[in-house]
Amino acid sequence: MSQGKVKAAKVKVFAPAEGTGSLDGHFHVYVFDVFNKAFRAARSFDTVEKAASFQRHEQERIYTEQEAIPELFDLPFISSDPDLVTRIERDAAYREQLIRELGSEARGRARRH
């Protein structure tokens, strides 16, 4: 097994809200703006390994560009939901759940630094 696959096996993939059937079999990398609590789409990949690799590179780029405390850096994450950005605009409960989960990841990242 290659090094990329080992790391990808440890990556968290966020599932869409329950009852949504719009899965497309791809892995989508989104970026969560922790400070503004906003989401934006980045890219879509056909394998989790490629998505995890892009996520790591995107995080490295963000760290070098942003000047903030680690807790407030933008956070790239992987989801299997192709319509996440539009879904969170319609579903406030799903949005709040996702913000809570991603916020705890951001706080954990700040503790590690």
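The values are calculated or read from the model by the stated rules, or taken from the named source; none is laboratory data. It should be emphasised that the depicted structure is a prediction, and the values quoted were computed from it without experimental measurement. Neighbour counts run over all protein chains shown; Cβ positions are idealised from the backbone, glycine included. Heads up: the accessible areas ignore ligands, DNA and RNA and are worked out on the full protein's heavy atoms, side chains in. Shrake-Rupley method; radii C 1.70, N 1.55, O 1.52, S 1.80 Å.
In this entry, residue 58 is excluded by the filter for residues that are among the acidic types (Asp, Glu), over 14 Å from the mean Cα position of the chain (by Cα) and either open to solvent by less than 20 Å² (accessible area, probe 1.4 Å) or at negative phi (or both).
Here is a yes/no grid of residues against (1) of a type outside the set (Asp, Glu); (2) touching a strand residue (DSSP E or B) at 6+ places or on another chain (Cβ under 7 Å); (3) part of a loop (DSSP other than H, G, I, E, B); (4) farther than 15 Å from residue 87 by Cα:
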{"site": "11", "(1), (2), (3), (4)": "yes, yes, yes, yes"}
{"site": "30", "(1), (2), (3), (4)": "yes, yes, no, no"}
{"site": "36", "(1), (2), (3), (4)": "yes, no, yes, yes"}
{"site": "39", "(1), (2), (3), (4)": "yes, yes, no, no"}
{"site": "51", "(1), (2), (3), (4)": "yes, yes, no, yes"}
{"site": "54", "(1), (2), (3), (4)": "yes, yes, no, yes"}
{"site": "67", "(1), (2), (3), (4)": "no, no, yes, yes"}
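For the condition surrounded by 15 or more Cβ atoms within 10 Å (Cβ to Cβ) and under 13 Å from the mean Cα position of the chain (by Cα), residue 42 qualifies. In the stretch 88-109, the residues that are without any contact (Cβ under 8 Å) to a residue 24 or more places away in the chain form Cβ pairs under 6 Å with partners that are part of a helix (DSSP H, G or I) and surrounded by 13 or more Cβ atoms within 10 Å (Cβ to Cβ), at six or more places apart or across chains, as follows: 95/88. Screening the stretch 61-94 for residues that are under 14 Å from the mean Cα position of the chain (by Cα) and among the charged types (D, E, K, R) and picking the one that is surrounded by the most Cβ atoms within 10 Å (Cβ to Cβ) gives 81.
When you look at residue 100, is it exposed (fewer than 12 other Cβ atoms within 10 Å of the Cβ) and charged (D, E, K, R), yes or no?
Values: exposed (fewer than 12 other Cβ atoms within 10 Å of the Cβ): yes; charged (D, E, K, R): yes.
So residue 100 passes the test.
Looking at this structure, is residue 108 exposed (fewer than 15 other Cβ atoms within 10 Å of the Cβ) and out of contact with any Leu (no Cβ under 6 Å at 6 or more places or on another chain)? Don't jump to the end; show me each part of the working.
On the way: exposed (fewer than 15 other Cβ atoms within 10 Å of the Cβ): yes; out of contact with any Leu (no Cβ under 6 Å at 6 or more places or on another chain): yes.
So residue 108 fits the description; yes.
For the stretch 45-55, a residue qualifies if it is free of Cβ contacts under 8 Å to residues at least 24 places away in the same chain, out of contact with any helix residue (DSSP H, G or I) (no Cβ under 8 Å at 6 or more places or on another chain) and surrounded by 15 or more Cβ atoms within 10 Å (Cβ to Cβ), and exactly one does: 50.
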